[in-house]
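First up is the structure itself, then whatever we jot down about it.
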Amino acid sequence: MSYVTKLTSAHRAFLEDLFKENVSFDKPSLRVYASDASNMKGEVLAMVRPTSVEQVQEFMRWADAERVVVHPRGRGTSLSGGCVPTLPGIVVSMLGMDRILDISDTDFVATVEPGVGTTLLQAECEKRNMFYPPDPASSKATSIGGNVVTCAGGLRAVKYGVTRDYVLGCDVVIPGGKLLQLGGRTQKDVIGLDMTRFMVGSEGTLGILTKLHLKLIPKPDASASLLVGYSSLDAALSSMGKVFAAGILPSAVEFMNETVLDILKQTGEYPWPDTVNSLLLFQVDGAEDTVPLEIARLSKQIDDALWRMQGVGKEEENELWGYRRRVSAASYVLGPDRIGGDMAVPRGQILNAVRRFESLAEKNGKRLIAFGHAGDGNIHANLHYDASDPDDAERTQKTHHEMDAAVLEFGGSLSGEHGGGCLKDVGRQLGEDEHEMMLKVRSLFDPNGILNPKKGY
Amino acid sequence: MKRGCTQCGECLNVCPVYRQFSREEYAPKGKRLLLEPLHEDFSAAHEKDPELDWEHIKELARLCAGCGKCQQACARKLSTADLLSDVRAQHPHWTQHFWSLWIKHMGPMWPSLGMLASLVPGWVAPKGLRPSLDSAKAMVNKHNLKPWVTISKGASADVDVSTPVVVFQGCTAKNIRPQWTEKAQNLLRAWGYEVKDSSGFNCCGGTMHTAGIYDTMHEMQQKNIEHWRALGRPRIAVFCASCHHALADYANSPLSGQEAEQWKQSLMPLSRLLKGAEAHSAAEKPELYGYHQPCHWKTDEDMPFLQEILPGLVKGNGICCGMGGILQITNPDLSRNMADSCMQGFPRQARNILTSCSGCTIQLTAAAPEGITVNHWLDVVTL
């Protein structure tokens, strides 16, 4: 397929006429749209920032007819290059469509435009005593549209599921300019194929989302957290199993391996004794009068812990979660640059997978920082290095690729949260027929392949 | 080589300039991507792109209010305001000399310029000049607000008055609101502190730093440090968040070692020295008033102090008044839009706004709609 690689004066005139002040062609403005949090870089021909669905439709009609590559974008926080132009194209920033259109306390549905910030939506729902549970760790930085096209997960996934579990319907403009209204505001809808789910996690390959109907639930009144220390990750994960076996479903369970404890000890104060080498952090939520009982029940199950610290209510919990939040910044003691992995494995395989990753890292002279969402088997497997040292950079890349191969052996996924973007070799994980079927679906929506080519799958 | 922006995007939520535009290029990460390649700490010379030199990027890159919020949100604690200052310093411009002149030598003329500006009706000025005209008018010292609260040192006030104190007044108080310094000194005396002479201090140098005029900034810092040394290193009471922010930085440079530590211990907000106040509200005190929290307090001790002596405080939900840095000079319209957004962040019933920064007071006074007053809290407190 051949695409436009340079905009003509007619192209520019069309875009200026359609978007007025919301189009940029100058290099300084385009610089930020050439990359994202993956730090990869592509070529941007222009940036447009629609403020209405009609603009998106007209733009997509034109782009398809002119064979102009289109790269939809939220806040540009993808760690897998999901926003980076793979071919020269026009970036469509959806931050101009950032209205919360409705939060209904009868339907328990929020209707929003894709550019709304995730934390803003969460806060607005909570003001009305409702709850939008998907909670990616980067929620302060992300937009809801970005969360939906990557099917963002987060800390609470163990109890509440991921973004796909909360998208009831969406409006999407496909190449050619047609507006599809998929799903709706009902909690149940079994008519036809679930086209809404095609969109969730589609990494901007099927269309541009312009409206989302999101499911809400009643806001839990209270929560409590428990930070628990063990001699090893083996002991920690074996103890976690007892909690689930006792029929307790925490709203979050985070784990931290021995290397994480080491860097936390190196970079700040810590309340646990030096015999503690691995941590679990539990959170339970629910009604005000049942949460203290639930946390006590959980605490009773983990009778083999070396140390524990409990926090009830936001202020006390904040202190406990502060140790988990410190991990990212503390990691830089192992090197100024980072490659992050976000593999997912079945919950029972976390220990085996982490130990395998650690041994691959060690073989290449690296240390693995492993932490993440133990409750749902999502491992953040980070490697730090010095990019100015070619040998270190090469060994780090090698380890990262070897971990990708290893995760599949455990029945896992290359990515639990960040998406394939333009970093993952998804063919490793997907069956040949399955992958071909996906590409066929993609071409139904986008026959000329203008949307995020060479990205996702 | 330092490691630069990771493009994580945490800065978008806290940046007041981004909030005005909702465009990524206006967020700190967008500016860093332009500025880092121009700075030797972040980039090698061969990596520079001639199409992204200072001349090409300056319009966009300098849209920063210097509020410092992005640095707090950043995992690497990168300061975009400092990066911009460094790059400005590398690219001198005649306007920097004018700014230096304005701050260093023209202070005594500010009240007269304010009076002159007040004679010009708003409708006469071209639209583009109105924000600057309003700012000039805001310099006029109306000084007609009746105090809302009388305070005195309470019997149980637990304060150590053994070390003398000097008030750091800053340019605004020195030139256009002298009553703030006088009041601060009187309050301290009433608490039992020995109050030293403030007149040897000059500008804190913060605005020179923002403008990248480092030689003048160093001169100012040196003069302030020498005055402090000459007074026997007393405690320094500061009632302006921006001055406090700039002065706190002296502990990193030019001071070092034990003296830096001593400076750090000496520097404090005025309100900390007035602990244990007993307050009696006057009839003039409104039931509810707005409080604009200045960006430049690392920890705002003035707000809890005010809550204690003046019930009815409602914090505005605006994030920056747009006065920080030199945005008011480089882009007065944006600076004014930010001030307008701040004013809209107060409840409608709040007809009086207080703050704890000289710059914020002037900026919000300029943007205040008819019938709304903006004051430093020192204006409403009396002995």
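The values are calculated or read from the model by the stated rules, or taken from the named source; none is laboratory data. From a predicted model like this one, the values you see are computed outputs, not experimental measurements. Note that we place each Cβ from the backbone using ideal geometry, even for glycine, and neighbour counts take in every protein chain shown. Each accessible area value is taken on the protein alone, full model and side chains, heavy atoms only, with ligands, DNA and RNA left out. Shrake-Rupley method; radii C 1.70, N 1.55, O 1.52, S 1.80 Å.
List the relative contact order of the stretch A:100-218 as a percent without decimals, with contacts defined as Cα pairs under 8 Å and 6+ residues apart.
Details: 233 pairs, mean separation 37.9, N = 119.
Result for the stretch A:100-218 is 32 percent.
Exceeding 21 Å between C-alpha atoms, which entries from my cross-link table qualify? They are A:455/B:2; B:142/B:174; B:142/B:285; B:31/B:298; B:196/B:264; B:2/B:223.
Correct reply: A:455/B:2; B:31/B:298; B:2/B:223.
Report, in debye and to the nearest 20, how large the dipole of chain B comes out about its Cα centre when Lys and Arg carry +1 and Asp and Glu carry -1 on their Cβ.
Details: 39 positive and 37 negative charges, 137 e Å.
The calculated dipole for chain B is roughly 660 debye.
With +1 on each Lys and Arg Cβ and -1 on each Asp and Glu Cβ, and nothing else charged, work out how big the dipole of chain A is about its Cα centre, in Debye to the nearest 20.
The dipole magnitude comes to about 620 debye.
On C-alpha positions alone, give me the angle between the axis of helix A:9-19 and the longest principal axis of chain A, in degrees, nearest 10.
Helix A:9-19 sits at roughly 60 degrees to that axis.
Spin-label point model (7 Å from Cα, Cβ direction): what's the residue B:112 to residue B:143 distance in nm?
Once both label points are built, they end up 1.8 nm from each other.
Find out how many positive minus negative residues lie around residue B:301, taking Lys and Arg as positive, Asp and Glu as negative, among other residues whose Cβ is under 13 Å from that of residue B:301. Intermediate results must be reported in sequence, preceding the final value.
Numbers: positive: B:272, B:275, B:298; negative: B:300, B:302, B:308.
Cβ neighbours under 13 Å give a net charge of 0.
I'd like to compare A:58-68, B:247-257: which one has the highest average count of other Cβ atoms within 10 Å, and what's the full order after that? Don't skip to the end; give the middle numbers.
Working: A:58-68: 19.0, B:247-257: 15.2.
The packing order, highest mean first, is A:58-68, B:247-257.
In what sequence, highest mean first, do B:276-284, A:196-204, A:288-296, A:341-349 appear when ranked by Cβ atoms within 10 angstrom?
In descending order of packing, they fall as A:196-204, A:341-349, A:288-296, B:276-284.
Rounded to the nearest 20 Debye, what is the dipole magnitude of the protein assembly as shown about its Cα centre when Lys and Arg each give +1 and Asp and Glu each give -1 at the C-beta?
1580
Quick one: if the Förster radius is 41 Å, what FRET efficiency do residue B:89 and residue B:344 give, using the C-beta to C-beta distance and rounding to 0.05?
Once the sixth-power term is evaluated, E becomes 0.70.
In chain A, if the dipole is taken from +1 on Lys/Arg beta carbons and -1 on Asp/Glu beta carbons about the Cα centre, which of A:368, A:85, A:100 is farthest to the positive end?
The residue sitting farthest along the positive end of the dipole is A:85.
Provide the per-residue ³J(HN,Hα) series for the stretch A:405-415, in order, calculated from phi with Karplus coefficients 6.51, -1.76, 1.60 and θ = phi - 60°, each as a whole number of Hz, with x at glycine and proline positions.
Each residue of the stretch A:405-415 in turn: 5, 5, 4, 5, 5, 8, x, x, 10, 4, 8 Hz.
Quick one: go through the stretch B:191-234 and flag any residue whose amide nitrogen is under 14 Å from the point 7 Å out along the Cα-to-Cβ line of residue B:82.
B:209-210
At a probe radius of 1.4 Å, figure out the A/B buried accessible area, summed over both chains, and give it in Å² to the nearest 100.
Rounded to the nearest hundred, the buried surface is 2400 Å².
In µm²/s, what is D for chain A at 4 °C and 1.567 mPa s, where D = kT/(6 pi eta Rh) by Stokes-Einstein and Rh is the Kirkwood radius from Cα pairs?
D = 56 µm²/s.
Given B:383, B:21, B:265, which one lies farthest toward the positive end of the charge dipole of chain B, if we put +1 on the Cβ of every Lys and Arg and -1 on the Cβ of every Asp and Glu?
B:383
With a Förster radius of 41 Å, plug the Cβ-Cβ distance of residue A:389 and residue A:352 into 1/(1 + (r/R0)^6) and report the FRET value to the nearest 0.05.
Computed FRET efficiency for residue A:389 and residue A:352: 0.85.
Enter the accessible area per residue of the protein assembly as shown (Å², integer; probe 1.4 Å; all protein chains in place). Display every interim value, and only then the final one.
Numbers: 35150 Å² over 840 residues.
So the protein assembly as shown comes to 42 Å² accessible per residue, rounded to a whole number.
Local charge sum around residue B:126 (other residues, Cβ-Cβ under 15 Å, Lys/Arg +1, Asp/Glu -1)?
That works out to +1.
Among all the aspartates and glutamates, which ones have a C-alpha under 20 Å from residue B:58's C-alpha, if same-chain residues fewer than 8 places away are not counted?
Excluding near neighbours in sequence, the set is A:21, A:26, B:24, B:25, B:36, B:40, B:41, B:47, B:49, B:82, B:86, B:333.
Using a 1.4 angstrom probe on the protein heavy atoms only, line up A:71, B:105, A:213 by accessible area, largest first.
Reading off the accessible areas and sorting them downward yields B:105, A:213, A:71.
Could you work out how far helix B:178-191 tilts from the main Cα principal axis of chain B, as a 0 to 90 degree angle to the nearest 10?
50
I'm a student and want to see the number: the projected area of the Cα convex hull of the stretch B:149-273, averaged over all directions, in nm². Provide the component values of the computation, followed by the final result.
Values: hull surface 31.9 nm².
Seen from a random direction, the Cα hull of the stretch B:149-273 projects 8.0 nm² on average.
Residues of B:59-66, mean number of Cβ from any other protein chain within 10 Å of their own Cβ, rounded to a whole number?
1
Taking a virtual spin label 7 Å from the Cα of residue A:307 along the C-beta vector, which residues in the stretch A:226-257 bring their backbone nitrogen under 11 Å of it?
A:228-231
What percent does the relative contact order of the stretch A:222-409 come to when contacts are Cα pairs within less than 8 Å and at least six residues apart?
26
Which lysines does residue B:127 reach when only Cα atoms under 21 Å apart count, and residues fewer than 8 places away in its own chain are ignored?
Cα-Cα hits under 21 Å: B:137.
Tell me the angle of helix A:350-363 to the major Cα principal axis of chain A, expressed in degrees between 0 and 90 and rounded to the nearest ten.
80
Summarise the accessible area of the protein assembly as shown (1.4 Å probe, protein heavy atoms) by the percent that is carbon and sulfur.
51
Would you be so kind as to identify which of A:246, A:281, A:231 lies farthest towards the positive end of the dipole of the stretch A:222-409, taking Lys and Arg as +1 and Asp and Glu as -1 on Cβ and the Cα centre as origin?
Of A:246, A:281, A:231, it is A:246.
Among residues other than residue B:86 whose Cβ falls under 10 Å from its Cβ, what is the net charge (Lys/Arg +1, Asp/Glu -1)?
Local net charge: -2.
Let me check the size of chain B from its C-alpha atoms; what are the radius of gyration and Dmax in Å?
Cα-based Rg and Dmax for chain B come out at 20.8, 68 Å.
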